[in-house]
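Participant: Provided herewith is a single structure, encoded as structure tokens, for subsequent inquiry.
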Amino acid sequence: EVQTPEEVQMPEEVQTPEEVVMALEGRHSFHSVREYFKNCDAIYKEGLPIPSKETWRKYRETYVSVVGEMNSTIGDPVADFNGVPVSHFVKQSPGRGRGIFAGEDITEGTLLWDGTRSAQFKDGHSYKKFLAYLDDINLVCNILKWSWVTDLNEGKGEPDLRIISDLDEAALSNSASRIDLVNMGYLPVSFEQGRPRKNGMRPMFATRNITKGEEFFCNYGEFLLGSWESLDW
């Protein structure tokens, strides 16, 4: 029997964020952390709502409280800005869940994402603490879907691996089912034209002209490293 999100709770044996932190300390991989929150499978089947401004704010405030202001990579958690500097809107995307759509015609080469609201975690410990202190299984399940690992050094020299979780509407970007649908992604580094990177994140641009109302599609394979096992858990 599939439970609704309202019926699904954190595992019964733990209740407080502190207890969840303790339970997660014995889990030393993303896979094992994901297994702990096994109720997410039922929640994904039911579907999750589009986050409200209040929900995004809770994500950001929880992140800053866990890593501290000095280590935060998202700026003021209550300020009204995000990492998608073009007109856009979000809605349900048929067959894909939530998606992000162009609110205007966009010219090829336009900056679409700069990582301004992307939370960075240097290790699995802080990431697990963040999940615990969200204290809401629906919010946790979102983050487990939205997180990936990147190397800020882009393969040059010693890896600088970070867990990335977008804490804004950029998190709702879907991966294209066909390569010809991709309309956002990396362009040659020279195209950044001296534009400083935000927190070391490589920005994404419109890779072709995008029509108002068209969904933004990236290619997850362009930035997903699959290096979870290389992190300190």
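The values are calculated or read from the model by the stated rules, or taken from the named source; none is laboratory data. Remember, predicted model here, so these are calculated numbers, not experimental data. Glycine gets a Cβ as well: all are built from the backbone with ideal geometry, and neighbour counts include every protein chain shown.
Participant: Name the residue, out of Tyr44, Tyr59, that is of a type in the set (Ser, Thr, Tyr), crowded, with 20+ Cβ neighbours inside 10 Å and not in a loop (DSSP other than H, G, I, E, B).
Facilitator: Values: Tyr44 fails: crowded, with 20+ Cβ neighbours inside 10 Å.
The conditions single out Tyr59.
Participant: Can you tell me which residues in region 56-115 are in contact (Cβ under 8 Å) with a residue 24 or more places away in the chain, touching a Lys or Arg at 6+ places or on another chain (Cβ under 7 Å) and of a type in the set (Val, Ile, Thr)?
Facilitator: Val66, Ile74, Val90
Participant: Please state which of the following conditions Asp180 fails to meet, knowing it meets all the rest: (1) in contact (Cβ under 8 Å) with a residue 12 or more places away in the chain; (2) part of a helix (DSSP H, G or I); (3) among the charged types (D, E, K, R).
Facilitator: The failed condition is (1).
Participant: Please report, ordered by residue number, the strands (runs of 3 or more DSSP E) entirely within region 65-115 with at least 1 residues that are touching a Ser or Thr at 6+ places or on another chain (Cβ under 7 Å) and small (Gly, Ala, Ser).
Facilitator: Counting at least 1 such residues, we get 97-102.
Participant: Quick one: is Arg202 more than 20 Å from Val66 (Cβ to Cβ), exposed (fewer than 13 other Cβ atoms within 10 Å of the Cβ) and out of contact with any strand residue (DSSP E or B) (no Cβ under 7 Å at 6 or more places or on another chain)? Reasoning before the result, please.
Facilitator: Working: more than 20 Å from Val66 (Cβ to Cβ): yes; exposed (fewer than 13 other Cβ atoms within 10 Å of the Cβ): no; out of contact with any strand residue (DSSP E or B) (no Cβ under 7 Å at 6 or more places or on another chain): yes.
When the stated conditions are applied, Arg202 does not pass them.
Participant: While we're here: So how many residues does region 209-224 have that are part of a loop (DSSP other than H, G, I, E, B) and surrounded by 14 or more Cβ atoms within 10 Å (Cβ to Cβ)?
Facilitator: 4
Participant: What are the pairs, 6+ residues apart or on separate chains, where a residue within region 14-37 that is surrounded by fewer than 14 Cβ atoms within 10 Å (Cβ to Cβ) has its Cβ under 7 Å from a residue that is modelled with pLDDT under 95 and outside any helix (DSSP H, G or I)?
Facilitator: Ser29/Trp233
Participant: Could I ask something else about it? Could you list all residues from region 45-84 that are polar (S, T, N, Q) and modelled with pLDDT under 95?
Facilitator: Restricting attention to region 45-84, the residues satisfying the condition of being polar (S, T, N, Q) are 52, 55, 62, 65, 71-73, 82.
If the condition is that a residue be polar (S, T, N, Q) and modelled with pLDDT under 95, then Asn82 is the only one that fits.
Participant: Checking the structure you have, find out if any residue of region 177-194 is within 28 Å of Gly68 (Cα to Cα), surrounded by 16 or more Cβ atoms within 10 Å (Cβ to Cβ) and over 14 Å from the mean Cα position of the chain (by Cα).
Facilitator: As a first pass, look at region 177-194 and keep what is within 28 Å of Gly68 (Cα to Cα): none.
No, every residue in region 177-194 fails to be within 28 Å of Gly68 (Cα to Cα), surrounded by 16 or more Cβ atoms within 10 Å (Cβ to Cβ) and over 14 Å from the mean Cα position of the chain (by Cα).
Yes or no, residue by residue, for (1) on the phi < 0 side of the Ramachandran plot; (2) at pLDDT 95 or above; (3) of a type outside the set (Ser, Thr, Tyr); (4) out of contact with any Pro (no Cβ under 8 Å at 6 or more places or on another chain):
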position	(1), (2), (3), (4)
Ser93	yes, no, no, yes
Phe101	yes, yes, yes, yes
Thr107	yes, yes, no, yes
Phe121	yes, yes, yes, yes
Ala132	yes, yes, yes, no
Leu139	yes, yes, yes, yes
Thr150	yes, no, no, yes
